[in-house]
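Comments concern the structure below.
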Amino acid sequence: MAALKDAGVMQIDHLIITHWHGDHFGGLAELAARIPIKQFIDHGPNVQPGAAADEFLQKTYPPLYAKATHTVVKPGDKIPAAGLDWRIVASAGQVLKTPLPGAGKPNPYCSQFKPGENNAEDPQSVGASLRLGSFAPFI
């Protein structure tokens, strides 16, 4: 909250919950009590049952997004944000069928990547691509 205050942020326009692990949704109710959130974005139902996530999705989450917009995204969706090209590239186990413009080549920053047990912790996760002018960091 201190960082938001220092930056002059008065509300969160778009908040993505990438997946239903406690370290990704655990403080959401407390955050929403301290700052308005206009849109909650996620991949939809939990398909990896866990008591904490299931209870959160049944009891805590619906009252939070009842005061806002709740969007279940799919690959190809765009998040409306002035000046950004913000696209969903993965969600609920699905990915884009064709690469985004300028994409589709191996990422040289991932050349040392080796598949392993922990590389696909939650294949349901929401993945997004952001582009601001010629600056295009990837999430």
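Look through PRO62, PRO36, PRO49 and report the one residue that is more than 15 Å from the chain's Cα centre (by Cα) and touching a residue at least 24 places away in the same chain (Cβ under 8 Å).
The conditions single out PRO36.
So, in region 41-77, exactly how many residues are exposed (fewer than 14 other Cβ atoms within 10 Å of the Cβ), under 16 Å from ASP13 (Cα atoms), among the charged types (D, E, K, R) and modelled with pLDDT of 95 or more?
0
Quick test of your reading of the structure: GLY76 fulfils all but one of (1) of a type in the set (Gly, Ala, Ser); (2) at positive phi; (3) assigned to a helix (DSSP H, G or I). Name the failing condition by number.
Result: GLY76 passes all but (3).
Yes/no per residue for (1) surrounded by 17 or more Cβ atoms within 10 Å (Cβ to Cβ); (2) modelled with pLDDT of 85 or more; (3) of a type in the set (Val, Ile, Thr); (4) not in a loop (DSSP other than H, G, I, E, B):
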{"site": "ALA82", "(1), (2), (3), (4)": "no, yes, no, no"}
{"site": "PRO101", "(1), (2), (3), (4)": "no, no, no, no"}
{"site": "GLY104", "(1), (2), (3), (4)": "no, no, no, no"}
{"site": "TYR109", "(1), (2), (3), (4)": "no, no, no, yes"}
{"site": "LYS114", "(1), (2), (3), (4)": "no, no, no, no"}
{"site": "GLU117", "(1), (2), (3), (4)": "no, no, no, no"}
{"site": "PRO123", "(1), (2), (3), (4)": "no, no, no, no"}
{"site": "LEU130", "(1), (2), (3), (4)": "no, yes, no, yes"}
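Go through GLY27, GLY50, GLY44 for me and flag whichever is in contact with a strand residue (DSSP E or B) (Cβ under 6 Å, 6 or more places away or on another chain), under 26 Å from GLY93 (Cα atoms) and not acidic (Asp, Glu).
On inspection, the qualifying residue turns out to be GLY44.
The values are calculated or read from the model by the stated rules, or taken from the named source; none is laboratory data. These figures come from a predicted structure and were not determined experimentally. Methodologically, a virtual Cβ is constructed for each residue, glycine included, from the backbone with ideal geometry; neighbour enumeration extends over all protein chains shown.
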